[in-house]
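Some notes on the structure that comes next.
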Amino acid sequence: MMSNRFAGTSFLIGSLLRKNRIKIPIWILSIAFSVIFFGKLIPDMYTTGVDRQIMAETMKNPAVTVMLGPGYGLDNYNNGAMMAHFMLLFAAVASGMMGILLTLPHTREDEEDGRTEMIRSLPVGSSSSLTAAISVSALSQLVLMLFVGWGLYFLKLEGMDFSGSMLYGACLGAVGIFFSALTGLFAQLMSNTRATSGASFVFLITAYIVRGIGDVSSEALSLISPLGLILRSQVYVKNRWYPVWITLALSLALFAVSLYLCSVRDLGAGFIATKPGRSKASKLLTGPFGLSFRLLRTPFLAWAVGMFALGAAYGSVLGDLEGFIESSELVRQMIPEQEGLSMTEGFIALIIAVLSILGAVPVLMFTLKLRNEEKKNRTEALLSNAVSRRGVLGGYLLVALLMSVTVQIMSALGLWSAAVAVMEEAVSLKTLITAALVHVPAIWLMSGLSLLLVGFFPNRTGFIWLYLTYAFFVIYMGDMLKLPEWTYRLSPFGYVPMIHADEINFVTLLLLTFIAALFMFLGFIGYERRDLEG
Amino acid sequence: MAIVEIGGLIKKFGNFTALNGVDLCVNQGEIYGFIGPNGAGKTTTLRIMLGILKATSGSVKIFGKDAWKDAVEIHKKTAYVPGEVNLWPNLTGGEVIDFFTRLRGSPNEKRKNELIERFQLDPSKKCRTYSKGNRQKVALIAAFASDAELYVLDEPTSGLDPLMENMFRRCVSRAKEEGKSVLLSSHILSEVEKLCDKVSIIRKGKIMESGPLEELRHLTSTRMTIETKRPVENPESVKGIHDIEIKGNTLSFLVDTEDLDGVLKQIVPYGIAKLESAPPTLEDLFMRHYKEDGDPS
């Protein structure tokens with residue numbers, strides 16, 4: 001009986017591997033390459049011991065801890081310790097995303113689209129699909145682990161030995177496997193794809209935030225988060241393996257629970273049922289704007305709340321930051337005070353820049369939503385009604401623009417409310433909101449660029465995410481990597497004035513807005529003229 | 001009065017010519033059948049009519065207006081049911097119906113409720129839980145609940161059960177009684193035969209045959225089954241008959257319409273015991289066009 005439930009699993013694993021033969025290598029190579037490439041850069045960036053010690057001092061900064069995790073081995077800040085401190089958390093988040101996005105299509109999504117049903121009509125066991133999906137995802141993580149482990153080891157850098165490099169890879173693999181198993185579990189609990197992916201990503205983001213707060217306030221809180229736990233392996237410093245084993249054991253437990261739930265539920269059903277909805281449309285659902293708002297309502301609210309929470313998480317370190325600067329004479333000497341910009345203010349400006357780029361994510365998602373609708377053949381029926389293309393595109397753009405202002409205000413509010421609680425002399429709310437809102441034109445420019453893609457290059461809309469990742473990377477890592485000025489200028493966010501430092505440069509802001517408007521205008525023209533797919 | 005006028009319509013996707021000179025004319029109050037195999041260009045034609053795709057050349061006029069430029073004006077009086085109905089998974093069927101009828105600008109609450117009841121749809125369910133047939137019902141209800149002048153229906157019954165198909169036919173008939181026009185693209189030839197006044201057959205982007213169903217029937221053969229008192233001698237020699245099957249005294253054959261008179265005159269002398277004649281079905285007509293190139297689709 002038991003073996004019947006798993007009949008055909010190995011065959012399904014083979015077919016899933018074949019189906020994902022492009023996707024899996026892309027994930028593995030892009031994560032492994034970024035990590036290894038970063039490792040290669042480190043010795044060139046920090047050549048002298050003095051350089052490293054200066055860096056180590058600045059890394060004690062709690063704001064950095066919230067972003068990157070606790071620094072281990074700061075007293076001997078060699079290549080290995082830097083590698084673990086700078087990159088392990090980000091790489092772990094990336095492998096977690098890989099775990100979610102490789103598991104989701106072959107669990108709930110296949111089931112929702114009716115493919116699982118067809119597979120189940122073959123001589124295949126009831127648990128085989130789930131087992132195959134998790135196995136393939138776990139296998140990919142194993143390969144990622146080996147790639148990263150061997151790759152880092154072969155850099156042959158001082159402080160990066162074989163066992164540490166393997167642990168580095170294992171940390172990424174374990175987090176990836178954990179999130180695969182978690183997605184597998186959510187796929188059993190939720191009754192549709194959207195809820196499954198939503199729950200998985202919310203868990204990942206929450207894990208990041210909880211770790212951030214825990215790292216500066218409570219070790220126990222950090223251990224609750226799988227991301228916080230994995231950082232406790234202290235790669236290249238103490239090389240502890242227990243976080244990897246615990247994470248893998250938890251993954252196995254999640255998988256066992258999923259298997260049980262899978263065996264007791266009906267195909268297509270979930271445990272968290274969808275309620276029946278309203279049988280009549282509300283008064284608001286009358287035009288294209290009503291539709292786009294109705295469709296994006298939930299993500300709109302979720303992002304607004306999420307950005308507030310993220311702002312508050314960053315804001316919670318501002319108190320510690322003041323203490324950190326006061327306590328260390330050395331730090332004050334080492335960090336040249338920029339004109340009119342205190343260190344705290346400099347960090348606030350950086351945090352706001354980072355939050356703005358994250359806030360651009362929903363704005364771009366909403367701008368591109370119509371293209372997604374088109375791919376799913378939903379615009380055909382919509383546009384056969386008395387509604388213009390301009391109106392439909394405008395409906396989505398309007399929600400996106402509304403989102404851009406909302407996320408900025410929400411993250412500024414979050415930052416402020418936490419800052420008030422922890423700082424002796426809190427920054428004024430007005431300053432923070434202004435600092436956040438000056439980023440809005442840059443977000444609009446990104447949104448305009450997306451619209452241009454929707455209008456003229458509908459098959460290349462993915463480019464915008466690469467561009468945004470670039471902008472994020474430059475802002476987040478630019479100082480640490482000592483990137484030249486022009487790299488900042490390649491993204492619209494590089495033109496945003498630092499509110500404390502500069503007088504607001506209205507000419508720049510107007511110019512950004514103008515370019516954004518021009519892109520949007522062109523995007524509309526393109527969309528009105530081209531053939532639609534469906 | 002012509003509601004739909006398509007002349008010399010050509011549509012190219014890169015190097016591929018999807019439509020190569022399509023002509024079509026639907027008059028007011030007509031139910032017009034549009035038939036052809038998969039990939040012949042039916043859906044492409046309908047999408048151009050709706051302004052979703054832009055014609056490479058040729059003219060497409062609906063209510064005398066240009067289908068691409070005046071799409072919004074045209075759509076106020078047009079209802080469309082796509083072949084593959086894709087709806088927003090997190091909206092309910094009821095919400096989608098209301099939304100569509102409001103967008104068209106002529107919601108009719110009473111008729112909507114009547115249709116929901118007749119089609120036995122639960123409007124409070126989310127669209128993701130609907131089967132193909134139920135999604136089709138949502139689109140049909142949204143179409144027939146609004147006061148459109150022209151109904152464009154792309155294989156609207158492919159997911160419906162026979163009872164619902166019957167309901168669909170009643171909706172179409174009622175539309176006709178009210179003087180509305182219908183363009184029905186379909187694979188189901190019996191359905192087209194029952195409903196349509198005129199038919200166009202499209203193949204590889206070209207219209208092969210157009211006209212009233214009655215006229216088209218003349219283009220093809222009638223199958224006759226005749227039981228004679230004495231066996232017919234040398235039936236092969238009779239002019240104008242083919243596909244002959246002989247079973248004792250029973251002779252079954254296809255006869256071209258123009259040769260009917262001569263053929264019967266030759267057979268009558270053998271004494272008729274029983275005579276059956278099946279009118280040419282649309283299927284015969286259809287198959288004839290697709291068999292001609294040795295390419296039955």
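The values are calculated or read from the model by the stated rules, or taken from the named source; none is laboratory data. Given the structure is predicted, the values throughout are model-derived calculations rather than measurements. Counting neighbours? That spans all protein chains shown, and the Cβs are built from the backbone with ideal geometry, glycine included. Accessible surface areas use protein heavy atoms only, side chains included; no ligands, DNA or RNA. Shrake-Rupley method; radii C 1.70, N 1.55, O 1.52, S 1.80 Å.
In degrees, nearest 10, range 0 to 90: what is the angle between the Cα axis of helix B:162-177 and the longest Cα principal axis of chain B?
Here the helix axis deviates by roughly 80 degrees.
Quick test of the membrane-span-like rule: which DSSP H helices of chain A reach at least 30 Å along their long axis (C-alpha atoms) with mean Kyte hydropathy at least -0.5?
On the way: long enough: A:23-45 (33 Å, 1.46); A:79-103 (34 Å, 1.54); A:128-154 (38 Å, 1.54); A:162-189 (40 Å, 1.45); A:193-217 (36 Å, 0.86); A:242-264 (33 Å, 1.84); A:288-315 (38 Å, 0.99); A:343-375 (48 Å, 1.13); A:389-422 (50 Å, 1.46); A:506-529 (34 Å, 1.83).
Helix filter hits for chain A: A:23-45, A:79-103, A:128-154, A:162-189, A:193-217, A:242-264, A:288-315, A:343-375, A:389-422, A:506-529.
Could you give the size of the charge dipole of segment A:114-271 about its Cα centre, using +1 on the Cβ of each K and R and -1 on the Cβ of each D and E, expressed in debye and rounded to the nearest 20? Show your work: numbers first, answer last.
Numbers: 9 positive and 6 negative charges, 26 e Å.
Computed about the Cα centre, the dipole is about 120 debye.
Please determine, in degrees from 0 to 90 and to the nearest 10, the orientation of helix B:109-118 with respect to the longest principal axis defined by the Cα atoms of chain B, where the helix direction is its Cα long axis.
With both axes taken from Cα atoms, the answer is about 50 degrees.
How shielded is B:98-109 by partner chains, expressed as the average number of their Cβ atoms within 10 Å of its Cβ atoms?
On the way: counts 8, 10, 6, 2, 8, 14, 4, 3, 1, 2, 0, 1.
Whole-number average of other-chain Cβ neighbours for B:98-109 is 5.
Counting only protein chains, not ligands or nucleic acids, how are A:ASP479, B:ASP284 ordered by accessible area (probe 1.4 Å), most first?
The ordering from most to least exposed comes out as A:ASP479, B:ASP284.
For the pair A and B, how large is the buried accessible area, both sides, in square angstrom to the nearest 100, if the probe is 1.4 Å? Can you show the working numbers first?
On the way: alone 24500 and 14720 Å², together 35730 Å².
When A and B are taken together, about 3500 Å² of accessible area is lost.
Give me the percent relative contact order of segment B:221-279, please, defined on Cα pairs under 8 angstrom at least 6 residues apart. Please report the intermediate quantities before stating the final value.
Values: 103 pairs, mean separation 29.9, N = 59.
Across segment B:221-279, relative contact order equals 51 percent.
What's the angle, to the nearest 10 degrees (0 to 90), between helix B:132-144's Cα axis and the longest principal axis of chain B?
80 degrees
Over the alpha-carbon set of segment B:2-216, work out the extent along each principal axis and list the three values in angstrom, largest first.
Result for segment B:2-216: principal-axis Cα extents of 45, 36, 28 Å.
How shielded is B:200-208 by partner chains, expressed as the average number of their Cβ atoms within 10 Å of its Cβ atoms?
Numbers: counts 0, 0, 0, 0, 0, 0, 0, 0, 0.
Mean inter-chain Cβ contacts per residue within 10 Å come to 0.
State the percentage of accessible surface on segment B:221-279 attributable to carbon and sulfur atoms; use a 1.4 Å probe and exclude ligands, DNA and RNA. Each step should come with its number before you reach the end.
Values: 1890 of 3670 Å².
Carbon and sulfur atoms account for 52 percent of the accessible area of segment B:221-279.
Rounded, prolate or oblate: which fits segment B:221-279 when a ≥ b ≥ c are the square roots of the eigenvalues of the alpha-carbon gyration tensor, with rounded for a/c under 1.5 and prolate only if a/b beats b/c? Could you put the intermediate results ahead of the total?
On the way: a/c = 1.44, a/b = 1.33, b/c = 1.08.
Rounded is the answer for segment B:221-279, as its axis ratio a/c remains below 1.5.
So what is the relative contact order for segment A:365-440, in percent, with contacts set as C-alpha pairs under 8 Å and at least six apart? Don't skip to the end; give the middle numbers.
Values: 42 pairs, mean separation 21.1, N = 76.
Relative contact order for segment A:365-440 comes out at 28 percent.
Obtain the nm distance between the two label points defined at B:SER57 and A:LEU142 by a simple spin-label model: each point lies 7 Å from its Cα along the Cα-to-C-beta direction.
Label at B:SER57, label at A:LEU142, 6.2 nm between them.
Among bridges DSSP assigns within chain B, what percent are antiparallel (round to 5)?
Working: 41 of 59 bridges.
Taking every DSSP beta bridge within chain B, about 70 percent pair in antiparallel fashion.
Separation of segment B:178-236 and segment A:73-148 by C-alpha centroid, Å?
58 Å
Mind checking B:41-54 for the average number of partner chain beta-carbons within 10 Å of each residue's beta-carbon?
Numbers: counts 0, 0, 2, 0, 0, 2, 7, 1, 1, 6, 5, 10, 4, 4.
For this peptide, the per-residue mean of nearby foreign Cβ atoms is 3.
Could you let me know the centre-to-centre spacing of segment A:184-213 and segment B:118-171, using Cα atoms, in angstrom?
36 Å
Dipole size in debye (nearest 20) for chain B around its Cα centre, Lys and Arg Cβ +1, Asp and Glu Cβ -1?
Values: 42 positive and 42 negative charges, 229 e Å.
Result for chain B is approximately 1100 debye, rounded to the nearest 20.
With only Lys, Arg, Asp and Glu charged, each at its Cβ (+1 for the first two, -1 for the last two), find how big the charge dipole of segment B:1-130 is about the Cα centre; round to the nearest 20 debye.
Numbers: 19 positive and 13 negative charges, 53 e Å.
Magnitude of the dipole: close to 260 debye.
With r as the distance between the Cβ atoms of B:ASN27 and B:GLU258 and R0 = 30 Å, compute the FRET efficiency 1/(1 + (r/R0)^6) and round to 0.05. Intermediate results must be reported in sequence, preceding the final value.
Values: r = 29 Å, r/R0 = 0.96.
The pair B:GLU258/B:ASN27 has a calculated efficiency of 0.55.
What residues in segment A:518-534 lose 40 Å² or more of accessible surface when the other protein chains are added to their chain alone (1.4 Å probe)?
A:ASP531, A:LEU532
In what sequence, largest accessible area first, do B:LYS12, B:LYS176 appear using a 1.4 Å probe? Intermediate results must be reported in sequence, preceding the final value.
Numbers: B:LYS12 105, B:LYS176 75 Å².
Of B:LYS12, B:LYS176, the descending order of accessible area is B:LYS12, B:LYS176.
With the crude spin-label approximation of a point 7 Å out along Cα→Cβ, what separation in nm comes out for A:ARG390 versus A:ILE205?
If labels sit at A:ARG390 and A:ILE205, their model points lie 3.5 nm apart.
For segment A:216-280, what does the alpha-carbon gyration tensor say about shape, rounded, prolate or oblate, given a ≥ b ≥ c as the root eigenvalues, a/c under 1.5 as rounded, and a/b over b/c as prolate? All intermediate terms of the calculation are to be shown ahead of the outcome.
On the way: a/c = 4.82, a/b = 2.06, b/c = 2.34.
It is oblate, given that a/c is not under 1.5 and a/b is not larger than b/c.
State, as an integer percentage, the relative contact order of chain A based on alpha-carbon contacts under 8 Å between residues 6 or more apart.
Numbers: 764 pairs, mean separation 75.5, N = 534.
Dividing the mean separation by the residue count of chain A yields 14 percent.
According to the square roots a ≥ b ≥ c of the eigenvalues of the Cα gyration tensor, what is the shape class of chain A, taking rounded for a/c under 1.5, prolate for a/b larger than b/c otherwise, and oblate for the remainder? Walk me through the numbers before you get to the answer.
Working: a/c = 1.81, a/b = 1.11, b/c = 1.63.
Taking the square roots of the gyration eigenvalues as a ≥ b ≥ c, chain A is oblate.
Separation between the A:THR487 and A:LEU122 pseudo-spin-labels, each 7 Å from Cα along Cα→Cβ, expressed in nm?
It works out to 4.7 nm between the two label points.
Considering only segment B:140-253, what is the antiparallel percent among its DSSP beta bridges, to the nearest 5? All intermediate terms of the calculation are to be shown ahead of the outcome.
Values: 13 of 18 bridges.
Percentage antiparallel, nearest 5: 70.
Determine the percent antiparallel among the DSSP beta bridges restricted to the protein assembly as shown, to the nearest 5. Intermediate values should be presented prior to the final figure.
Numbers: 42 of 61 bridges.
Around 70 percent of the beta bridges assigned by DSSP in the protein assembly as shown are antiparallel ones.
Kindly state, to the nearest 0.05, the FRET efficiency for A:LEU398 paired with A:ASP161, given R0 = 60 Å and r defined as their beta-carbon distance.
On the way: r = 56 Å, r/R0 = 0.93.
Step by step, r from the Cβ atoms, then E = 0.60.
Past 29 Å, Cα to Cα, is the threshold; run A:LYS376/B:LYS77; B:LYS76/B:LYS176; A:LYS375/B:LYS77; A:LYS275/B:LYS176; B:LYS42/B:LYS239; A:LYS375/B:LYS180 against it and keep the listed order.
On the way: A:LYS376/B:LYS77 26 Å; B:LYS76/B:LYS176 19 Å; A:LYS375/B:LYS77 27 Å; A:LYS275/B:LYS176 39 Å; B:LYS42/B:LYS239 38 Å; A:LYS375/B:LYS180 33 Å.
A:LYS275/B:LYS176; B:LYS42/B:LYS239; A:LYS375/B:LYS180, as the Cα separations exceed 29 Å there.
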